[in-house]
Every structure is written in structure tokens, then in C-alpha cells.
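Worksheet: the structure to be examined is printed underneath.
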Amino acid sequence: MSSLTDKEKLTKGFYDRNAHSWSNQHMSRGYWAKQIAEFKKLLPKGKILEVGCGGGRDAKELIALGYSYTGSDVSSGLLKEAKQNLPEQKFVLQSVYELSFPEKFDGLWASAVLLHIPKARIDEALSSIKSVLKPGAIAYISLKNGEGEEVIGEDDSARFFAFWKKEEFSKALARNGLEVINYIHDPRSLTDDWHCFFTKLTGS
């Protein structure tokens with residue numbers, strides 16, 4: 001597995017240890033209903049990859065819309081939960097830095113996963129994402145509004161987060177060939193203030 005920073009290992013450890021309880025707490029249907037509906041408009045059908053599939057909550061809704069689905073996650077604990085929840089689906093253990101598939105995808109769903117990527121590595125992550133997409137592919141990415149980076153929580157509850165401003169992340173997308181074609185600002189609470197980017201892979 002691609003080398004993870006200490007802060008990334010800390011976050012991975014949290015999800016591995018707490019996979020069952022975290023997954024159960026994050027299985028409510030419809031959390032991204034507005035975003036999934038917009039994704040469906042932009043990509044009515046096709047083969048999609050979810051990066052950071054967690055316990056399979058979004059996978060259920062995306063599969064129900066008729067997409068050919070593959071899920072990936074860096075946490076073996078979360079993948080175990082996803083496979084139990086959706087035993088017929090394909091899930092693979094891969095970090096965002098080492099995405100590798102025999103075919104390229106028409107679309108990508110990356111909900112609340114790149115917020116765990118250090119800003120110094122965001123180009124590495126986006127380049128890897130780009131490498132598994134077809135030209136013109138639609139990629140959805142959501143992350144939290146804010147500034148800077150920090151580890152939140154202590155001991156076994158600690159996770160690393162990177163926070164972004166809209167313009168700041170838009171620039172990162174642009175320099176990696178991902179054109180923003182729609183955007184939703186979705187503030188749910190002080191701690192869940194979401195930037196939701198719908199992008200299209202440009203170039204050949």
C-alpha cells in the first residue's frame with residue numbers, strides 16, 4: 001500500500017478500530033439526496049468508482065440508480081462492513097494514491113474522503129483520481145469548509161482533517177484537469193459545512 005503519512009495512518013487506524021460503530025452511525029439514507037440527484041443528471045448512466053466507500057451507505061443509493069459500481073477504501077475495517085452490507089458488489093482495498101483498475105470509469109464519487117488528505121498531497125490524490133477516469137468523466141467531490149489542517153480528537157478518537165475554501169479547492173481541481181461544472185454549498189452545522197463540487201475531466 002502506498003506510503004501514508006503518520007497523520008493519515010492515525011485516521012486509517014480510527015476507521016479500522018471503529019468501523020462497525022461508525023458505519024452504523026452513518027447509514028441513514030438520503031444524506032446526499034440533492035447531490036446524488038445532481039450527479040444522476042450529469043451522468044445518467046455508466047461505470048462509476050467510489051473512493052472512500054465507508055460502510056456502503058452511498059453505494060446503496062448509487063447502485064439503486066443503475067450505475068455499474070466499484071467501491072474502494074483504505075480502511076480494511078470499513079471494507080468489511082461494506083461487503084457485509086452489499087455482498088454482491090465489488091469493493092477493493094486501495095488508498096486514493098494507488099488507484100489502479102483494468103478499465104477507466106465514466107464517473108467518480110468521493111464524498112467526505114479528500115478532507116482526510118494533507119493539502120501538500122492533494123495534487124497527488126487528484127492526479128491518481130484523474131488516472132482512472134475517461135475523458136469527459138464526471139467526478140463528485142465533497143469536503144468541509146474552513147481553513148488550515150488539524151488533528152481532531154485525542155488518542156483512539158483522533159483523526160486528521162484538511163479544511164478548504166471554495167476558491168482554494170477550485171484552483172486545485174483546475175490544475176489537475178477537473179473543470180467545475182456545478183457547485184452546491186451545503187452547510188448542515190458548524191462542523192458539517194460542505195463544499196460539493198461536480199467536475200468534468202478535461203483533455204484527452
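The values are calculated or read from the model by the stated rules, or taken from the named source; none is laboratory data. Just so it is clear, the model here is predicted, and its values are computed rather than measured. Cβ: placed from backbone, ideal geometry, glycine included. Neighbour counts: every protein chain shown.
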Might you check whether a residue that is within 17 Å of the chain's Cα centre (by Cα), crowded, with 18+ Cβ neighbours inside 10 Å, within 29 Å of Glu154 (Cβ to Cβ) and of a type in the set (Gly, Ala, Ser) occurs anywhere in segment 63-71?
no
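Can you tell me which residue is surrounded by the fewest Cβ atoms within 10 Å (Cβ to Cβ) among those in segment 20-40 that are out of contact with any Cys (no Cβ under 9 Å at 6 or more places or on another chain) and closer than 25 Å to Ser128 by Cα? I'd like the intermediate steps shown before the answer.
Kept after step one, since they are out of contact with any Cys (no Cβ under 9 Å at 6 or more places or on another chain), are these residues of segment 20-40: 20-31, 33, 36-37, 39-40.
Restricting the remaining residues to those that are closer than 25 Å to Ser128 by Cα gives 36, 39-40.
Details: Ile36: 19, Phe39: 24, Lys40: 16.
Per the stated criteria, the residue is Lys40.
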Residue selected from segment 84-106 under the condition among the charged types (D, E, K, R) and touching a residue at least 24 places away in the same chain (Cβ under 8 Å), by the criterion farthest from Ile138 (Cα to Cα)
Glu98
From (1) touching a helix residue (DSSP H, G or I) at 6+ places or on another chain (Cβ under 7 Å); (2) touching a residue at least 24 places away in the same chain (Cβ under 8 Å), pick out the condition that doesn't hold for Lys12.
(1)
Could you please find all residues in segment 182-198 being within 17 Å of the chain's Cα centre (by Cα) and modelled with pLDDT under 95?
Asp192
Might you check whether a residue that is of a type in the set (Val, Ile, Thr) and under 19 Å from Cys196 (Cβ atoms) occurs anywhere in segment 85-104?
yes
Please go through segment 30-48 and give me each residue that is at pLDDT below 95 and of a type in the set (Lys, Arg), ordered by number.
none
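Are any of the residues in segment 43-54 farther than 23 Å from Gly136 by Cα, crowded, with 21+ Cβ neighbours inside 10 Å, in contact (Cβ under 8 Å) with a residue 12 or more places away in the chain and touching a Phe, Trp or Tyr at 6+ places or on another chain (Cβ under 9 Å)? Quick ask: steps written out before the conclusion?
Filtering segment 43-54 for residues farther than 23 Å from Gly136 by Cα gives 54.
Filter again for crowded, with 21+ Cβ neighbours inside 10 Å, leaving 54.
Now restrict to residues that are in contact (Cβ under 8 Å) with a residue 12 or more places away in the chain: 54.
Next cut, touching a Phe, Trp or Tyr at 6+ places or on another chain (Cβ under 9 Å) only: 54.
Within segment 43-54, one or more residues are farther than 23 Å from Gly136 by Cα, crowded, with 21+ Cβ neighbours inside 10 Å, in contact (Cβ under 8 Å) with a residue 12 or more places away in the chain and touching a Phe, Trp or Tyr at 6+ places or on another chain (Cβ under 9 Å).
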Condition broken by Phe160, with the remaining ones in (1) closer than 24 Å to Lys41 by Cβ; (2) surrounded by 12 or more Cβ atoms within 10 Å (Cβ to Cβ); (3) not basic (Lys, Arg) satisfied
(1)
Condition check for Phe197: aromatic (Phe, Trp, Tyr), within 12 Å of Leu115 (Cα to Cα) and surrounded by 14 or more Cβ atoms within 10 Å (Cβ to Cβ)
no
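Residue-by-condition table, conditions (1) in a strand (DSSP E or B); (2) in contact (Cβ under 8 Å) with a residue 24 or more places away in the chain; (3) within 15 Å of the chain's Cα centre (by Cα):
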site	(1), (2), (3)
Leu108	yes, yes, yes
Ala120	no, no, no
Glu124	no, yes, yes
Ala137	yes, yes, no
Lys144	yes, yes, yes
Glu168	no, no, no
Leu173	no, yes, yes
Val180	yes, no, no
Condition (residue is hydrophobic (A, V, I, L, M, F, W, C), modelled with pLDDT under 95 and either surrounded by 14 or more Cβ atoms within 10 Å (Cβ to Cβ) or more than 22 Å from Val74 (Cα to Cα) (or both)) applied to segment 89-104: is it met by at least one residue?
no
